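Novice: Before I ask anything, let me first share the structure, which is written out below as structure tokens.
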Amino acid sequence: MPLMIRLLFILTLESFLTFPAHAGNYNVTSILPPTSRASLIVEPLDTASRAVDVRSDTFYPPASTMKLLTALAAKLELGDQFRFRTNLLQSQDDLILQFSGDPQLMTADLKHLLHQLKKKGIHTIQGNLWLDNSLFAGYERAIGWPWDILGVCYSAPSSVITLDKNCVPGSIYTLPNGKTRVYIPEQYPIHISTQARTVSQQEKRQQLCDLELHADQENHYLLSGCIKERAKPLPLKFALQNTDLYTKRTVYKILSQLNIRLLGEVRLGKPPFPHTSIQKIAHHDSKPLSELIKVMLRKSDNLIANNLTKMLGHQFFLQPGSFANGTEAIKQILLSKAQLDLQNAQLVDGSGLSRNNRLTANQMASVLRYIWQHDKELHLISSLPVAGKNGTLKYRRSMQMSSIKGHLAAKSGSIYGSYNMAGYGLNAQGSPTVLFVQFISDYFPEITPEQDKKDRSLEDFEEKFYSDIIQKSQIVSRKQ
């Protein structure tokens, strides 16, 4: 780090430890590239007076810190014991699989559910088997999801018929003849092929090529472009493009495995008969909400967040859930049950994956303070990743120092050019004493092709910012 910046940081750190440092004298952001923007808050929980307040009223893309809002709204509206339920129903000769968007429903769960037919002596389905998808409506991908990531699993579609996390694992192998081959476990009813070339690192740089994925609504995938030669296969995960078709094919396969005859067809939608004729055969429940939220926050699971958002829209407005009514439900729930006014926030999905989401650091700070004030009922802070210990923060480079590791509980978030963090500084006993928000946007450091090492300015900034937070947390703790 240049000497001038190092001295600047020492001076600002001294002021930070002695009196509140607001936008005018907290200049640690000088470490970042001049083209980047930052919004920062550090606020002791025992007072409303802020130690750091930088551009806190400016909109930024929250990225996955958005999941804090989704988690809070779900806790307040649905309750810890809420579970997604998948029902197996019967009406006359027809059977119905009624889906609810369970983000963790697996093929094995569906097979166990259909196996209940045999236990009830049903070996032949005289009519059709319907896949009821009526609980959700609208887009399965929110406005603002970039087209170029729709084939990978962190942007898996949010669908009421969700199976196997709407994601299929696979791998690509480089071959000595310059070609490649791909592998998908045979139990997954998708098709993948490759035209990708194997190249050296130098060829890859000269040709400006990369591995590209093309997919269609038949769940057909084509890999093209190039991949650097490697000794081991490269693991890949493919997001389903047509969840209905995938589930339909899976159901046919399960029925065959169970030796259950289907005289009709597997059809999509609701059967045309009155609800009074429906009888319940069996059901499968997801894990309770408290466990789903822990996975959502620790692993930053976008599918759980988005399906919860649609379920909130369904429950709150008593209509099929969608991204539109789900994000509006989050606003209304936080306003009516937590007195948090986020009406001018731009919310498009529940995961933060959309580039269209906008939130201010002030709004995020108000959510963090409410969570802390009511954590005896909410139990959300214990579900957050802990710096250098678990979840998405376990291997974060800026959190490997012993002075930082274990002393922050926070939700990270990153999308194109944005690197965010929102959470709490912990005292020696592991209790939160300070809340903080870090929104960084337009972070594009200058990197030349000849550089062997990655730019460290973000890592340097975060190490110093987090050290400040932890020191402030210890000071607050000593005052208590």
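The values are calculated or read from the model by the stated rules, or taken from the named source; none is laboratory data. Quantities reported herein were computed from a predicted structural model and do not represent experimental measurements. For neighbour counting, all protein chains shown are included, and Cβ atoms are generated from backbone atoms with ideal geometry for every residue, glycine included.
Novice: For region 376-404, which residues satisfy the criterion of being among the charged types (D, E, K, R) and either outside any helix (DSSP H, G or I) or in contact (Cβ under 8 Å) with a residue 40 or more places away in the chain (or both)?
Specialist: Correct list: LYS389, LYS394, ARG396, ARG397.
Novice: Looking at LEU347, LEU312, LEU303, LEU353, which is the one that is of a type in the set (A, V, I, L, M, F, W, C) and over 23 Å from TRP147 (Cα atoms)?
Specialist: None of the other options fit; the residue is LEU312.
Novice: Can you report the number of residues in region 405-432 which are crowded, with 21+ Cβ neighbours inside 10 Å and not in a strand (DSSP E or B)?
Specialist: Number of matching residues: 1.
Novice: Let me ask something else about it. Keeping to region 320-344, report how many residues are in contact (Cβ under 8 Å) with a residue 40 or more places away in the chain and farther than 18 Å from ILE293 by Cβ.
Specialist: Qualifying residue count, region 320-344: 5.
Novice: OK, next. With closer than 25 Å to HIS115 by Cα and touching a helix residue (DSSP H, G or I) at 6+ places or on another chain (Cβ under 9 Å) as the only criterion, which of LEU308, LEU268 stands out?
Specialist: Going through LEU308, LEU268 in turn, the sole match is LEU268.
Novice: Considering only region 229-258, state which residues are free of Cβ contacts under 8 Å to residues at least 60 places away in the same chain and closer than 13 Å to ALA156 by Cβ.
Specialist: Passing the criteria: only ASN242.
Novice: Among the residues of region 320-369, write down those that are under 14 Å from LYS67 (Cα atoms), β-branched (Val, Ile, Thr) and in a helix (DSSP H, G or I).
Specialist: Within region 320-369, THR327, ILE330, VAL367 qualify.
Novice: OK, next. Of all residues in region 222-271, which are aromatic (Phe, Trp, Tyr) and closer than 30 Å to TYR173 by Cα?
Specialist: PHE238, TYR246
Novice: Would you mind stating whether LYS237 is more than 24 Å from ILE161 (Cα to Cα), surrounded by fewer than 19 Cβ atoms within 10 Å (Cβ to Cβ) and at pLDDT 95 or above?
Specialist: So LYS237 does not fit the description; no.
Novice: State whether one or more residues within region 87-99 are at pLDDT 95 or above, assigned by TED's automatic domain parsing to the domain that holds CYS167, in a loop (DSSP other than H, G, I, E, B) and of a type outside the set (Lys, Arg).
Specialist: Yes, there is a match, as at least one residue in region 87-99 is at pLDDT 95 or above, assigned by TED's automatic domain parsing to the domain that holds CYS167, in a loop (DSSP other than H, G, I, E, B) and of a type outside the set (Lys, Arg).
Novice: Which of the residues belonging to region 249-296 are closer than 19 Å to VAL160 by Cα, touching a strand residue (DSSP E or B) at 6+ places or on another chain (Cβ under 6 Å) and basic (Lys, Arg)?
Specialist: Result: ARG267, LYS270.
Novice: From the list LYS411, LYS464, LYS454, exactly one residue is among the basic types (Lys, Arg), out of contact with any strand residue (DSSP E or B) (no Cβ under 9 Å at 6 or more places or on another chain) and in contact (Cβ under 8 Å) with a residue 24 or more places away in the chain. Which is it?
Specialist: Matching residue, one of LYS411, LYS464, LYS454: LYS464.
Novice: Give the residues of region 107-120 that are surrounded by fewer than 20 Cβ atoms within 10 Å (Cβ to Cβ) and closer than 13 Å to ARG85 by Cα, sorted by residue number.
Specialist: Of everything in region 107-120, those that are surrounded by fewer than 20 Cβ atoms within 10 Å (Cβ to Cβ) and closer than 13 Å to ARG85 by Cα turn out to be ASP109, LEU113.
Novice: Additional query: From LEU342, LEU378, LEU347, LEU384, grab the single residue that is in contact with a Lys or Arg (Cβ under 7 Å, 6 or more places away or on another chain), crowded, with 20+ Cβ neighbours inside 10 Å and more than 24 Å from SER39 (Cα to Cα).
Specialist: Every option except LEU378 fails the conditions.
Novice: Give the number of residues within region 183-202 that are outside any strand (DSSP E or B) and hydrophobic (A, V, I, L, M, F, W, C).
Specialist: Matching residues across region 183-202 total 3.
Novice: In region 250-282, how many are outside any helix (DSSP H, G or I) and within 30 Å of LEU353 (Cβ to Cβ)?
Specialist: 3
Novice: Just to verify a result, which residue in region 86-99, among those that are among the polar types (S, T, N, Q) and either more than 20 Å from ARG249 (Cβ to Cβ) or surrounded by fewer than 17 Cβ atoms within 10 Å (Cβ to Cβ) (or both), is farthest from the chain's Cα centre (by Cα)?
Specialist: Filtering first and then ranking leaves GLN92.
Novice: Can we say GLY170 is at pLDDT 95 or above, assigned to a loop (DSSP other than H, G, I, E, B) and either out of contact with any helix residue (DSSP H, G or I) (no Cβ under 7 Å at 6 or more places or on another chain) or buried (at least 19 other Cβ atoms within 10 Å of the Cβ) (or both)?
Specialist: No, not satisfied.
Novice: Looking only at region 100-145, filter to residues that are of a type in the set (Asp, Glu) and outside any loop (DSSP other than H, G, I, E, B); which one of those is nearest to the chain's Cα centre (by Cα)?
Specialist: By that ranking, first place goes to ASP109.
Novice: Let me ask another. Take the residues in region 140-167 that are among the acidic types (Asp, Glu) and at pLDDT 95 or above, then tell me which one is farthest from LYS111 (Cα to Cα).
Specialist: GLU140
Novice: Tell me whether region 351-361 contains one or more residues that are small (Gly, Ala, Ser) and out of contact with any helix residue (DSSP H, G or I) (no Cβ under 7 Å at 6 or more places or on another chain).
Specialist: Yes, some residue in region 351-361 is small (Gly, Ala, Ser) and out of contact with any helix residue (DSSP H, G or I) (no Cβ under 7 Å at 6 or more places or on another chain).
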